[in-house]
Amino acid sequence: MIETYLNLTVNRKTDIELIQGLLREHEIKAPIVIVEFEDRYEINFTSEYEQWELESEILKAFPEYEFTQSLGKGRKEIRLEFSRQQSSLSSDNWGRPLENPIDETKYLVKRTQQKIIKFSPQVKVLLGDTDEFYYINIIGGVDKVNNRTGYLVLNDFREFDKDKEAGFLKNELHETPMEAFRAGVRQINYLAESDYEEYLKVKKRNKRKKKK
């Protein structure tokens with residue numbers, strides 16, 4: 001039998017009644033120990049199951065929150081911690097040692113709001129002592145084979161004109177406008193390289209003319 005040691009840290013003391021209710025609803029067949037500290041509650045018990053359903057129910061109870069195993073940079077309130085541990089000496093029902101015993105901690109944090117970043121279709125490139133301007137034209141598109149909608153980049157970076165029949169970059173239906181914009185910037189990088197070579201040739205010719 002595989003036993004999993006579970007520990008929940010409830011960092012908002014006002015949440016304890018809700019969490020206790022969820023634990024009772026799951027009819028966990030083990031004593032559940034609840035320890036109170038000044039700023040939190042700690043709950044622990046040992047189960048024959050990993051209690052993934054309990055984790056799902058906690059998420060339903062906090063719809064504006066999500067579990068993460070990586071907090072990353074920045075300060076976030078950790079509303080609840082959910083830890084699972086299995087002994088490295090654990091074995092399965094056939095007596096075989098577990099290859100990867102669980103040892104994890106998940107943090108319940110506020111769900112990240114996706115911020116829409118706006119961008120300018122005009123891209124400025126410095127070619128020596130001159131400024132060159134390019135434009136990224138993005139339109140909606142459909143992949144008729146897979147019936148998938150997305151965004152296309154027109155294959156004309158000299159003018160800003162979404163209605164112009166310039167064709168579009170092949171095999172590149174992007175999921176978001178930002179993804180399409182990044183693809184357009186990559187194309188402008190290639191185009192600017194070619195334009196810069198032409199700029200150097202013109203500058204060299206002009207220099208020769210001045211010498212004459």
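Over the residues of the chain, the helix contribution to mean residue ellipticity at 222 nm works out to -9000 deg cm²/dmol, using -39500 (n - 2.57) for each DSSP H run of at least 4.
List the longest stretch of the chain that has no exposed loop site; here a site is one of the GluC sites (Glu not before Pro) assigned by DSSP to anything other than H, G, I, E or B, with at most 15 other Cβ within 10 Å.
Answer from the scan: 100-158.
In this Cβ point-charge picture (+1 for Lys and Arg, -1 for Asp and Glu), the chain has a dipole of about 2520 debye about its Cα centre. Backbone geometry of the range 105-111 corresponds, through the Karplus equation with coefficients 6.51, -1.76 and 1.60 at θ = phi - 60°, to 3J(HN,Hα) couplings of 9, 10, 10, 8, 10, 4, 4 Hz, x marking Gly and Pro.
Accessible surface area normalised per residue over the chain is 73 Å², counting heavy atoms of protein chains with a 1.4 Å rolling probe. Length available on full extension from ASN206 to VAL185: 0.36 nm per residue minus the Cα-Cα distance, which gives 4.5 nm. Farthest towards the positive end of the charge dipole of the chain, among the residues THR46, ASN11, GLY140, is the Cα of GLY140, using unit charges on the Cβ of Lys, Arg, Asp and Glu. Measuring r between the beta carbons of ILE34 and SER120 and using R0 = 45 Å, the FRET efficiency lands at 0.20. Computing FRET efficiency as 1/(1 + (r/R0)^6) for ILE78 and GLU159, where r is the C-beta to C-beta distance and R0 is 41 Å, gives about 0.20. Modelled this way, with points 7 Å down the Cα-to-C-beta line, the labels at GLU175 and THR14 are 3.6 nm from one another. Rolling a 1.4 Å probe over the protein heavy atoms of the chain, with every protein chain left in place, gives an accessible area that is 48 percent carbon and sulfur. The relative contact order of the chain, computed from alpha carbon pairs under 8 Å that lie at least 6 residues apart in sequence, is 15 percent. Building the convex hull from the alpha-carbon atoms of the chain and averaging its projection over directions returns 22.3 nm².
Can you give the longest run of the chain that contains no chymotrypsin sites (Phe, Trp or Tyr not before Pro) sitting in a DSSP loop with at most 13 other Cβ atoms inside 10 Å?
In the chain, the maximal stretch lacking such sites is 95-212.
The values are calculated or read from the model by the stated rules, or taken from the named source; none is laboratory data. A quick note: this is a predicted structure, and the numbers were derived from the prediction, not measured. Glycine also receives a Cβ, built like all others from the backbone with ideal geometry; neighbour counts cover every protein chain displayed. SASA here: full protein model, heavy atoms, side chains in, ligands and nucleic acids out. Shrake-Rupley method; radii C 1.70, N 1.55, O 1.52, S 1.80 Å.
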